[in-house]
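Engineer: Below are the structure tokens for one structure; questions will follow.
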Amino acid sequence: MKHAASLMLLFLLCTGALAAANAENPQIAALQAPPATEQAVDIRYDDWSYILKVTVFEAGLSDRAYAAPPEPGIGRRIVKGNTSSLRFEGNRIYFPAFEGENLDALKRIRVELEAMPDAIPMAEWTKKQQLAYWLNLYNIRLVEALAERYPAQELRSLLYGRGGRTGLLDEPLLTVAGVSLSLNNIHHDILIPGWRDPLVMYGLFHGFVGSPNIRPEAYTAASVYRQLRDNAVEFINSNRGARMDGDTLRVAEIYSDNIALFPNGPDDLKAHIVSYAEPGYAERFQAAKYVRATTGDYYIADLFQGYRRDVNPNAGNSAAIAEALTGGGPAADLAEWMTATMDRHYNSPAPGFVMEYLQKIRERKAKREGQVSVEEFEEEQEDEK
């Protein structure tokens, strides 16, 4: 079990680094206020939810089919966009919308979120209110940061750094209650030690295809654990989350970054994945001899894949995009907004791979709608968390 040993070593290094980080950051520790036992304030995220509603396209559950290598198209020799076999999985966000006044609006919402603990101390918030807050603050700041750097496409080096350069996740991008925070501070110094629950990792959108989904609504105290479970189910039951390769369970590389949530290393990680996997896959995952974090697609989870325009004659116009969106599910708001912004800002066809992605999602959803299944389960009580 050579790899199990390496994962366990990684686990020990992560927990050791986390303990040191908390010891060196008393200000961050001060943000982890004991929660209120009863909800005394109502915290709403309607404006952030609206932004997500009109910019996020839901892909639905994966059918575990791998995407074939893309073709360059008529009149082309070069393939543009994501070429990964995982490129038809996961939700997409319409990043071209975030410029000018729209980006300014996003920043205003983020600044208001940063200021909330100054207005109402977090000691007056319940545990679930605190969780929803940190997840929303992380996600809106990440979306804002990627929008500022758009059209960045491959995000690995941007987020995690390379060649001695600090990654975006380690930059001090936020100030909460007078404390300067990076996104990694929220992730590793607040959320992981504060909740010790693997579900927390599925609430953090990292901007790339191989990360948990961006949802079309904000997290709320009333729904946060249902939302996190939905994200866990979608991610684990996709090829970008977990898949078998012979006798090896290959999981997303994002699990390596969250190994501190699994106290017993690979054993806990496998048990967690099995608990959310569909029955047929759960049996295969349980029988795996090895667990390896090697599955990853770091291409931006942007509906346009980092391309605002395309001169390809096979590209789709705004009307075709809108029709494909509304045909793929409840995306009328996104379709309407895209139609307006595409014509006003870009005045050019959308890349052909946008149409390909939307068509694949439509086919997959239609196939699922033709299948009827009944599953009995006992709903977990929200109050247990």
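The values are calculated or read from the model by the stated rules, or taken from the named source; none is laboratory data. None of the values given here were measured: they were computed from a predicted structure. Glycine gets a Cβ as well: all are built from the backbone with ideal geometry, and neighbour counts include every protein chain shown. SASA here: full protein model, heavy atoms, side chains in, ligands and nucleic acids out. Shrake-Rupley method; radii C 1.70, N 1.55, O 1.52, S 1.80 Å.
Engineer: Would you grab the residues whose amide H sits under 5 Å from the one on Ala293? Only those 5+ places off in sequence or on another chain, please, with H modelled 1.01 Å from N.
Structural biologist: The list, which skips near neighbours in sequence, is Val251.
Engineer: Another one. Order Lys107, Lys360, most accessible first, counting only protein heavy atoms with a 1.4 angstrom probe. Mind showing how you got there, number by number?
Structural biologist: Working: Lys107 65, Lys360 85 Å².
Highest to lowest solvent-accessible surface, that is Lys360, Lys107.
Engineer: Here is a further query. How large is ³J(HN,Hα) for each residue in region 99-105, as worked out from phi by the Karplus curve 6.51 cos²θ - 1.76 cosθ + 1.60 (θ = phi - 60°), to whole Hz, x for Gly and Pro?
Structural biologist: Whole-Hz 3J(HN,Hα) from phi for region 99-105: 8, x, 5, 5, 5, 4, 5.
Engineer: Output ³J(HN,Hα) for region 216-222: one whole-Hz value per residue in order, computed from phi by the Karplus curve 6.51 cos²θ - 1.76 cosθ + 1.60 with θ = phi - 60°, and x for Gly and Pro.
Structural biologist: Calculated HN-Hα couplings, in order: x, 8, 6, 6, 10, 4, 5 Hz.
Engineer: Amide H neighbours of Asp302 under 5 Å, counting only residues 5+ apart in sequence or on other chains, H built in-plane at 1.01 Å?
Structural biologist: The answer is Ile93.
Engineer: In the structure displayed, which of Lys53/Lys365; Lys53/Lys367; Lys53/Lys270; Lys289/Lys360; Lys270/Lys365; Lys53/Lys107 lie more than 27 Å apart, Cα to Cα? Working shown, then result.
Structural biologist: Numbers: Lys53/Lys365 19 Å; Lys53/Lys367 25 Å; Lys53/Lys270 33 Å; Lys289/Lys360 34 Å; Lys270/Lys365 29 Å; Lys53/Lys107 17 Å.
Over 27 Å apart, Cα to Cα: Lys53/Lys270; Lys289/Lys360; Lys270/Lys365.
Engineer: I would also like to ask the following. Along the charge dipole of region 218-265, Cβ charges K/R +1 and D/E -1, which of Ser238, Ile259, Tyr219 sits furthest on the positive end?
Structural biologist: Farthest along the dipole direction, towards plus: Tyr219.
Engineer: Determine ³J(HN,Hα), in whole Hz, for all residues of region 155-165 in sequence, where each value follows from phi through the Karplus function 6.51 cos²θ - 1.76 cosθ + 1.60 and θ = phi - 60°; x replaces Gly and Pro.
Structural biologist: 9, 4, 5, 4, 6, 9, x, 6, x, x, 8
Engineer: Between Ser85 and Asp197, take the C-beta separation as r, use R0 = 30 Å, and let me know the FRET efficiency to the nearest 0.05. Each step should come with its number before you reach the end.
Structural biologist: Working: r = 31 Å, r/R0 = 1.03.
E between Ser85 and Asp197, to the nearest 0.05, is 0.45.
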